[in-house]
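Comments concern the structure below.
The values are calculated or read from the model by the stated rules, or taken from the named source; none is laboratory data. The model shown is predicted, which means the values in this text are computed figures rather than measured ones. Ideal geometry is used to build each Cβ from the backbone, glycine not excepted, and the neighbour counts take in all protein chains shown.
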Amino acid sequence: MPVISDDQLGEIYSFAVQLGKDAGKLLMDGAKARFAGTADGSSDIAFAEKDNAVDIVTQTDEAVESFIQQSISSRYPDHKFIGEETYSKGASRDYLIDSTTPTWCVDPLDGTVNYTHLFPTFCVSIAFILDGRPVIGVIYAPFLDQLFSSCEGRGAWLNETQQLPLIRSPIPSIPVKAPSGCIFACEWGKDRRDRPDGNLHRKVESFINMAAEIGGRQGKGGMVHGVRSLGSATMDLAYTAMGSVDVWWEGGCWEWDVAAGIAILKEAGGLVTSANPPEDPSTAEVLDASLGSRLYLAIRPAGPSHSETGRQGQERLVREVWKRVRALDYERPGI
């Protein structure tokens, strides 16, 4: 793999941030075109269905990916590019990120359903990956004008001025009775098949376990403070890095959905492990999630308490979540 110096990484970071801003402007231009519509009152943006009715992609999606890819290939012709739209058109579902080639992993529009309905939590997501790890992350939500960015060793930031997490003096520890007192983020996902033990039913059971009163659900009730669905895995991770979400639990995402968010969250001090509970959650080691695993459990940055370090608090919360959630079935080749 080519050696990239710290100065070169900084230059790539600056390029990625500007690219995120430019791509986000294209998304917002497309949204504004829908505000106005055409002379006959209809929108001039054509819509098509992809996979099912809850995953809608627009012409803007493909146009933004093309813009990002061309910008990267012009500046860094030796770098590999993996984008949602180009990947989805291929027959393979193999994991294409390796440890030898500098790689850009891009979702030009995460939250396509949000974008279609003009719900504001849609974004562009750009990650730069070295040695198989996302080391730069840029997420821009243009409707909200929120730019999340990070570069390994340089901190994680909101709008380039506010370091993440937002509350820093001190960074809050994990609540003693967690998951009680926590904000829990989750998504319904694309798999809506109404099968008794399918992913949808397992997710709903897990959501109820996390939300139910303490002592309910045969002792699995987590009594979380609130449950949130932003409609974008990328934004879920960004808000976890902010510290606004304590726990994000999800299965079924792809690497472009999470790469930038993982880079930002980990640089902010967060943790990302597997969504699926091990055989014995109480004693299992908490390992980093594989980027291509499609199974993710993220915990916000945490400070120490009088009885444990921040990492110990995060791992305690991971184990409490594992006790309450069902294993999800999202397979993919090469992992």
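Checked against the criterion of being farther than 26 Å from residue 303 by Cβ and part of a helix (DSSP H, G or I), the range 243-255 contains one or more residues that satisfy it. Just checking, how many residues over the range 197-223 are in contact (Cβ under 8 Å) with a residue 12 or more places away in the chain and either closer than 23 Å to residue 264 by Cβ or in a helix (DSSP H, G or I) (or both)? Counting residues in the range 197-223 that are in contact (Cβ under 8 Å) with a residue 12 or more places away in the chain and either closer than 23 Å to residue 264 by Cβ or in a helix (DSSP H, G or I) (or both) gives 10.
The criterion of being in contact (Cβ under 8 Å) with a residue 12 or more places away in the chain, closer than 22 Å to residue 173 by Cβ and more than 17 Å from the chain's Cα centre (by Cα) does not hold for residue 242. I'd like the residue in the range 97-115 that is more than 18 Å from residue 263 (Cβ to Cβ) and in contact with a helix residue (DSSP H, G or I) (Cβ under 8 Å, 6 or more places away or on another chain) and, out of all such residues, is surrounded by the fewest Cβ atoms within 10 Å (Cβ to Cβ). Here the answer is 112.
A quick yes/no check of all residues on (1) crowded, with 19+ Cβ neighbours inside 10 Å; (2) modelled with pLDDT under 90; (3) of a type outside the set (D, E, K, R); (4) not assigned by TED's automatic domain parsing to the domain that holds residue 10:
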| position | (1), (2), (3), (4) |
| --- | --- |
| 89 | no, yes, no, no |
| 92 | no, yes, yes, no |
| 117 | no, yes, yes, no |
| 122 | yes, no, yes, no |
